[in-house]
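Undergrad: Here's a structure for you.
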Amino acid sequence: MLVIVLSADDGGKLKTTLKVQWFPQAQFAGFIMAMEKGFYQAEGIEFDLLFSDGSDSPIENIISGEVDFCTAWLSQTIPSKAQGNDLVNICQLLQKSSMMLVAKKSSNIKEPQDMNGRRIGLWSGDFSIQPNAFFEKFGISFEQVPQSYNIHAFLADAWDVTSAMYYNEYHKIIQAGINENELNSFFFSEFDLNFPEDGIYCLKSTLDDNPELCRKMVNASLKGWEYAFQHKDETLQIVMKYCDEYYMQTNIALQSWMLDVIEQSVKYKTGETRSDWGYLKEYDFNKVCEILMNQGLLKQKPIYNEFFPGAQHE
Amino acid sequence: MNNKIKRPILWKLILIIGIPLFVVYSAVLIINYNLSKDAALKQEKAYMVEFIARNAAQLNGQFTQITDLPRGMSNIIQSINDINKEEIYSLLEQNLAGNSFIYGMAVAFEPYAFNKSKKLFAPYVRKGSDQFTHLDLADNSDYTNSDWYSIPKLLKKPYWTEPYFDKDGGNILMCTYSFPLIWDEKFYGIATADVSLVELHSYMQKMQKLTGYSFIISQYGTYVYHPQENTIMKETIFSKAEKYNIPEMREYGRKMLRGLSGVEPFSDPITQAKQWLVFAPISSCSWTFCGVVPESEILKDVNASILKQITLMFFGLIVILLIIIWSAYQITNPIRRLAKMAEKLADGDLDVQMQNIKGRDEIHELSVSFNKMVADLKHYISDLTNATKAREAVESELRIARHIQESLIPRIFPPFPNRSEFKLWAKNIPAKEVAGDFYDFYFVDEENLAIIIADVSGKGVSASLFMAVTKTLIKAKSNVLNEPEKIMQRVNEDLCYENDAVMFVTTFFALLNVKTGLLTYSNAGHNLPYLIKKDGLPEQIENTGGMALGVFEDAVFAAKEITLQEGDTIFLYTDGINEAMDVDYNEFSYKRMEDILKNIQGKMPKKIIEDTLEEVETFTLGAEQSDDITLLVLKYFGI
């Protein structure tokens with residue numbers, strides 16, 4: 001199957017696909033801009049960007065060979081690798097976890113311990129790993145309620161604490177008229193629970209068979225990110241165009257905020273230039289493994305160098 | 001008069017009337033505008049508040065009805081034991097029919113709450129084109145995680161959802177009102193009413209329009225209704241405030257969320273035009289009804305009225321300007337005519353007259369005065385012309401008299417060119433047209449030369465006539481008598497006879513024997529002549545003691561003799577020389593005269609006379625000649 005996908009067309013161009021884990025938004029601005037600005041084409045890649053609708057798993061898609069590359073979180077890929085799927089991380093894009101818990105000041109939750117006995121909205125699956133580690137760390141028992149993809153229940157005070165992505169839900173709360181100083185925020189990254197988020201993955205066989213393609217793909221993607229950070233207005237216009245095509249219920253102010261937060265995450269403890277980006281830190285890798293093992297989600301820790309064979313870009 | 005007038009009266013009038021008027025009018029206009037603007041704003045704000053509140057209340061009524069239905073259903077379902085599926089559908093249909101806003105209604109039960117063998121059951125009825133459609137929401141998804149179910153369940157109270165697109169039940173953009181079925185403190189499920197935002201949109205479109213536009217936001221600021229449909233579900237009032245960077249809009253939004261009403265200003269992010277945001281709560285759903293009105297719309301009438309006033313003012317000012325120009329013309333025209341007349345007058349036209357002087361004002365007075373002045377001037381000039389004519393006639397007579405007088409005294413110089421015994425020169429300069437002085441010289445016989453110099457009292461015509469008489473008498477007497485004292489005596493007697501004018505004449509008479517140089521003379525009150533001996537100083541000759549002729553009939557005259565030597569000069573003069581006055585009334589004096597005579601050695605009589613007159617002229621420079629001047633100089637050479 002791989003052979004089919006990775007076949008070169010008549011012009012000698014490499015056809016490839018990347019699937020990101022959600023609908024179009026500024027979270028993927030770099031890939032969008034790399035495509036829009038022809039950076040993939042310049043590397044000789046005929047590129048296609050695919051968006052998940054949340055109901056499928058891009059990791060499953062690369063395992064099945066439907067797509068060559070995908071973006072995913074360490075909390076998803078490490079267990080998958082341990083289960084025998086031969087994934088490799090070829091670029092750890094986001095360095096800082098945007099996941100957080102938010103409480104209204106009016107609910108009088110100032111410290112993690114204040115969450116004891118409260119009703120807390122949690123997302124299911126991988127999104128619950130960090131919160132659970134957090135609650136375990138502080139020995140918090142609480143009433144868990146399943147959280148949907150909006151913040152309405154939190155706004156309605158149906159629960160006291162909500163899960164949020166700093167780049168998305170947190171700002172939606174602000175856009176619902178609640179001021180930042182009326183909220184207490186708990187960033188997991190500040191509680192030694194920093195799970196680096198979006199990274200680019202492919203099968204090891206893809207990397208082995210076509211290292212050139214991987215290198216070019218990552219190169220072009222990072223160029224796209226660099227371009228997005230340097231040309232935010234243009235980027236936001238294009239991102240909004242993608243959002244409209246996918247009937248996303250979003251606005252440019254939110255996407256602008258998202259792009260800023262994503263930029264901070266890409267540059268977190270790395271640097272300003274794109275050659276500094278994309279490295280998976282062994283500490284973060286170990287931390288994620290440790291939490292996963294604690295929660296019984298991981299039995300055998302993968303070897304760091306096999307999981308992340310090195311930066312696949314210049 | 002050709003100089004251009006620098007500040008015409010017209011400009012002065014415009015300056016003192018037009019400009020203050022303009023300033024006052026403008027000030028009134030500005031004040032009026034501000035007052036009208038404030039009043040219009042106040043009135044319009046009140047109207048907008050009322051309008052928004054009324055519409056909010058209307059919507060609130062509609063939504064209260066909507067909220068009543070699920071509550072009512074809850075009570076009915078609770079009251080019926082073992083209610084069956086059909087009964088619920090029928091109940092839903094009945095409720096649904098009554099309200100146009102409601103698109104669909106459901107009763108969603110908690111797992112196993114309706115039927116112990118069926119986990120989820122949520123009968124749903126929605127409006128079709130002409131009939132109701134029955135659905136079970138459980139067929140499509142697990143509704144228990146939906147906002148409309150989970151949130152009111154957790155809250156244990158009714159809840160209005162944010163707008164959402166329902167693909168399971170309604171397939172439409174909607175908001176759902178959820179009423180929890182809590183009986184005996186136990187939660188059984190949710191009764192819902194779906195409000196179609198499409199229906200709300202068409203309701204809003206039909207609503208009486210406010211200038212500008214209106215919109216509705218939800219309890220969290222989400223647009224529920226907005227004329228730009230693409231903002232619904234995407235934007236909140238806060239995201240717009242963020243997008244356009246209008247921090248105050250965020251504050252207004254927060255007021256709305258607190259259920260407050262308000263009228264607040266903001267600037268349009270694109271046009272920067274001032275806008276007014278008016279809002280009032282729709283309390284039954286915690287939404288807010290908002291209106292946005294551009295201030296320009298509010299002030300449209302005020303601006304139109306001000307524009308009218310400005311136009312009126314403009315035309316008013318033009319009328320006033322025309323009046324000013326007309327008034328200025330009324331004032332300046334006669335003045336200008338006067339000025340032209342005066343100019344003509346200055347050029348000598350005495351026939352000018354100000355015509356058609358209307359009114360009884362200062363200009364009229366000035367014109368009358370001018371006319372009087374012209375008339376007076378005319379009279380004066382006429383008198384002056386006559387006087388001048390008369391004077392010219394007299395002067396003409398006098399000129400003739402002078403000619404006659406001049407012809408009386410010897411005028412041919414040198415007088416005796418064939419005589420070598422002496423040289424003689426004389427000069428008479430009258431102070432007036434005719435002189436009272438005279439000189440004369442003539443030979444009475446072969447050897448004896450008569451020399452006369454005389455000065456008649458007074459000047460002018462009478463003096464000259466008296467002089468003519470005297471001269472004639474002297475000449476007549478000297479032809480028959482050869483003794484000077486006797487000649488004097490006889491002339492005196494003749495002059496005194498019937499001398500009613502009481503005139504007199506000082507006379508020096510001498511007879512010079514040109515062969516011997518013997519000079520016999522008799523003086524009748526005249527200034528004594530000087531004898532300047534050759535190489536000597538000037539000396540007055542001795543007096544003979546006689547009185548001026550014409551004073552006393554019986555006067556006695558004597559004679560004396562001197563003998564002139566070769567080179568001696570005798571200098572005869574009238575008091576016109578020694579009494580000649582400069583501008584400061586200083587007399588020329590004998591001393592100055594004698595100083596001249598000290599330096600005449602070697603000079604001939606003509607030159608002596610010229611030098612003397614030159615000195616006198618220099619001395620009297622600038623002063624009028626006060627008396628006749630007569631000089632006679634004789635230089636004796638002998639045989």
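Undergrad: Can you compute the modelled spin-label distance between B:Ser79 and B:Leu384, with each label point 7 Å from Cα toward Cβ, in nm?
TA: 13.1
Undergrad: Given labels modelled 7 Å from the Cα in the Cβ direction, how far is it in nm from B:Asn479 to B:Val444?
TA: That separation, rounded to one decimal, is 1.4 nm.
Undergrad: So what are the ³J(HN,Hα) numbers for the range A:207-223, from phi and the Karplus equation (6.51, -1.76, 1.60; θ = phi - 60°), rounded to whole Hz, Gly and Pro as x?
TA: 5, 5, 6, 9, x, 4, 4, 4, 4, 5, 4, 5, 3, 4, 4, 5, 4
Undergrad: Whose amide H sits under 5 Å from the amide H of B:Ala524, counting only residues 5 or more places off or on another chain, with H placed in the peptide plane?
TA: B:Thr507, B:Phe508, B:Phe509
Undergrad: Calculated FRET efficiency, B:Ala304 and B:Ile16, Cβ-Cβ r, R0 22 Å, to nearest 0.05?
TA: 0.05
Undergrad: Where a Cα-Cα gap under 22 Å defines reach, which lysines qualify for B:Lys209, not counting those fewer than 8 residues away within the same chain?
TA: B:Lys42, B:Lys45, B:Lys274, B:Lys300
Undergrad: Check B:Trp287: other-chain or 5+ apart residues with amide H under 5 Å from its amide H, H built from backbone geometry?
TA: Sorted by chain and number, the residues that satisfy this are B:Ile282.
Undergrad: Extension gain A:Glu143-A:Asn294, at 0.36 nm per residue separation less the Cα-Cα distance, in nm?
TA: The span from A:Glu143 to A:Asn294 would gain 52.2 nm if fully extended.
Undergrad: Please give me, ordered by residue number, the chymotrypsin sites (Phe, Trp or Tyr not before Pro) of the range B:41-134 that lie in loop per DSSP and have at most 12 other Cβ atoms within 10 Å.
TA: B:Tyr112
Undergrad: Please report the relative contact order for the range B:80-208, taking Cα pairs under 8 Å with a sequence separation of at least 6, and give it as a percent rounded to a whole number. The partial results should precede the final answer.
TA: Working: 236 pairs, mean separation 30.1, N = 129.
This gives 23 percent for the range B:80-208.
Undergrad: Additional query: I'd like the orientation of helix B:300-346 relative to chain B: the angle between its Cα long axis and the longest Cα principal axis, in ° from 0 to 90, rounded to 10.
TA: So the helix axis and the longest Cα principal axis differ by about 10 degrees.
Undergrad: Summing Lys, Arg as +1 and Asp, Glu as -1, what charge do residues with Cβ under 10 Å from the Cβ of B:Phe509 carry, B:Phe509 excluded?
TA: Spelling it out: positives minus negatives among the neighbours equals -1.
Undergrad: Apply the Karplus curve 6.51 cos²θ - 1.76 cosθ + 1.60, θ = phi - 60°, to the phi angles in the range A:76-89 and return the couplings in whole Hz, x for Gly and Pro.
TA: 8, 7, 5, x, 4, 4, 5, 7, x, 7, 7, 8, 9, 8
Undergrad: Within the range B:542-631, list the trypsin sites (Lys or Arg not before Pro) lying in a DSSP loop whose Cβ has at most 13 other Cβ atoms in a 10 Å radius.
TA: Of the trypsin sites (Lys or Arg not before Pro), the ones in loops of the range B:542-631 whose Cβ has at most 13 other Cβ atoms within 10 Å are B:Lys598.
Undergrad: A further question follows. For the pair B:Lys167 and B:Met207, what calculated FRET efficiency results from E = 1/(1 + (r/R0)^6), where r is the Cβ-Cβ distance and R0 = 30 Å, to the nearest 0.05? Each step should come with its number before you reach the end.
TA: Values: r = 29 Å, r/R0 = 0.97.
The value I calculate is 0.55.
Undergrad: Please give me the summed charge of the neighbours of A:Gly44: other residues whose Cβ is under 10 Å from its Cβ, Lys and Arg +1, Asp and Glu -1.
TA: -1
Undergrad: Which trypsin sites (Lys or Arg not before Pro) in the range B:432-525 sit in a loop by DSSP (not H, G, I, E or B) and have at most 12 other Cβ atoms within 10 Å of their own Cβ?
TA: B:Lys515
Undergrad: Using a cut-off of 11 Å between beta-carbons, work out the net charge of the residues near B:Phe51 (Lys and Arg +1, Asp and Glu -1, B:Phe51 not included).
TA: +1
Undergrad: Let me ask you something else. Given a cut-off of 24 Å, name the pairs among A:Lys96/A:Lys301; B:Lys378/B:Lys432; A:Lys15/A:Lys281; B:Lys12/B:Lys308; B:Lys475/B:Lys635 whose C-alpha atoms lie farther apart than that in the structure shown.
TA: B:Lys378/B:Lys432; A:Lys15/A:Lys281; B:Lys12/B:Lys308
Undergrad: Let me ask something additional. Could you run the Karplus curve 6.51 cos²θ - 1.76 cosθ + 1.60 with θ = phi - 60° over the range B:284-297 and give me ³J(HN,Hα) per residue in whole Hz, x for Gly and Pro?
TA: 5, 10, 6, 8, 10, 8, 10, x, 10, 10, x, 4, 4, 5
Undergrad: What's the angle, to the nearest 10 degrees (0 to 90), between helix B:19-79's Cα axis and the longest principal axis of chain B?
TA: 0
Undergrad: In the range B:113-187, with Lys and Arg counted as +1 and Asp and Glu as -1 at Cβ, which of these residues, B:Thr176, B:Thr144, B:Gly128, has the Cα nearest the positive end of the dipole, that is, farthest along it?
TA: B:Thr144
Undergrad: In terms of modelled amide H atoms, which long-range or inter-chain residues lie less than 5 Å from the amide H of B:Trp183?
TA: B:Tyr188
Undergrad: Additional query: May I ask you to sort A:Ile303, A:Ile151, B:Ile335, B:Ile77 by Cβ crowding, counting other Cβ atoms within 10 Å and putting the fewest first?
TA: Listing A:Ile303, A:Ile151, B:Ile335, B:Ile77 from fewest to most nearby Cβ atoms yields A:Ile303, B:Ile335, B:Ile77, A:Ile151.
Undergrad: Just round it to a whole percent: the fraction of Cα-Cα distances in the range A:1-152 exceeding 26 Å.
TA: Counting every Cα pair in the range A:1-152, those more than 26 Å apart make up 42 percent.
Undergrad: Could you list, in their original order, any pairs among B:Lys486/B:Lys533; A:Lys81/B:Lys234; A:Lys110/B:Lys156; A:Lys241/B:Lys206; A:Lys267/A:Lys299; B:Lys116/B:Lys156 whose Cα atoms are separated by more than 30 Å?
TA: Beyond 30 Å: A:Lys81/B:Lys234; A:Lys241/B:Lys206; A:Lys267/A:Lys299.
Undergrad: Can you give the helix-only mean residue ellipticity at 222 nm for chain A, where every DSSP H stretch with n ≥ 4 adds -39500 (n - 2.57) and the sum goes over all residues, rounded to the nearest 500 deg cm²/dmol?
TA: Computed ellipticity for chain A at 222 nm equals -11000 deg cm²/dmol.
Undergrad: While we're on this one: Starting from the Cα of B:Asn499, move 7 Å in the Cα-to-Cβ direction to define the label point; list residues of the range B:457-487 whose amide nitrogen is under 11 Å from there.
TA: Output list for this probe position: B:457, B:470.
Undergrad: Any idea what the alpha-carbon Rg over 2.2 N^0.38 Å comes to for the range B:80-208?
TA: The reported ratio for this selection is 1.04.
Undergrad: Another question, if that's okay. Note the full-extension length gain between B:Val394 and B:Glu343 as 0.36 nm times their separation in residues minus their Cα-Cα distance, in nm to one decimal.
TA: 14.9 nm
FYI, it's all coordinate maths here, none of it is from the lab. Just so it is clear, the model here is predicted, and its values are computed rather than measured. Note that we place each Cβ from the backbone using ideal geometry, even for glycine, and neighbour counts take in every protein chain shown.
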